[in-house]
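Input: a single structure, listed below in structure tokens.
The values are calculated or read from the model by the stated rules, or taken from the named source; none is laboratory data. This is a predicted model, so every value here is computed, not measured. Here the Cβ positions follow ideal geometry from the backbone for every residue, glycine too, while neighbour counts run over all protein chains shown. For accessibility, only protein heavy atoms count, side chains too; no ligands or nucleic acids. Shrake-Rupley method; radii C 1.70, N 1.55, O 1.52, S 1.80 Å.
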Amino acid sequence: MIAIGTYEILKFLHVLLAIVAVGFNASYAVWLARAAREPEHEAFALRGVKFLDDRIANPAYGLLLVTGLSMVWVGDLDLTQFWLLTALVLYAVAVGLGLLVYTPTLRAQISSLESSGAGSAEFRALARRGTTVGIVLAVDVIAIVFLMVTKPTL
């Protein structure tokens, strides 16, 4: 008989949620790059990214915090360990950028596309901002994954 404890179940869920969240986020670049080559599909792609972000990736990130903190509690880990504390700070940065910059930019980008079109200066500026914030978020999330996998110490 195989014995699997609470910690292992939480860890499995945590990794699965990370795959879902990071995987969906990574797909946004593909959606948006393809849409840029086919402007008639840009609105569909932007709404698709917004749906995936709001309904799948962001809830997965929220549950990552829950499962991660549950693992700290169940596994009797110390939140002040360098890798864990740094990852939590980076997580807070990602949440802040996502909620305060990326999501409003995406919403404004969809609105601008509908009102002014893909060729408007406003839409292009919003697209550049979305791309820049997306890259910053990707680097942030990759750093978190690195910390979670390698667990470096000082």
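Quick notes on this structure:
- Qualifying residue in the range 54-67 (condition: more than 15 Å from Phe24 (Cβ to Cβ), in a helix (DSSP H, G or I) and either open to solvent by 40 Å² or more (accessible area, probe 1.4 Å) or touching a Phe, Trp or Tyr at 6+ places or on another chain (Cβ under 8 Å) (or both)): yes
- Glu42 meets the stated requirement of being in a helix (DSSP H, G or I) and touching a residue at least 24 places away in the same chain (Cβ under 8 Å).
- Looking only at the range 10-41, residues that are over 21 Å from Gly98 (Cα atoms) and either open to solvent by 90 Å² or more (accessible area, probe 1.4 Å) or modelled with pLDDT under 95 (or both) come to 10 in all.
- One residue stands out among those in the range 72-98 that are of a type in the set (S, T, N, Q) and either outside any helix (DSSP H, G or I) or open to solvent by 60 Å² or more (accessible area, probe 1.4 Å) (or both): the one that is farthest from Thr153 (Cα to Cα), which is Thr80.
- Of the residues making up the range 99-141, those that are assigned to a helix (DSSP H, G or I) and in contact (Cβ under 8 Å) with a residue 12 or more places away in the chain number 25.
- Phe123 vs. criteria buried (at least 18 other Cβ atoms within 10 Å of the Cβ), of a type outside the set (Lys, Arg) and out of contact with any Phe, Trp or Tyr (no Cβ under 9 Å at 6 or more places or on another chain): yes
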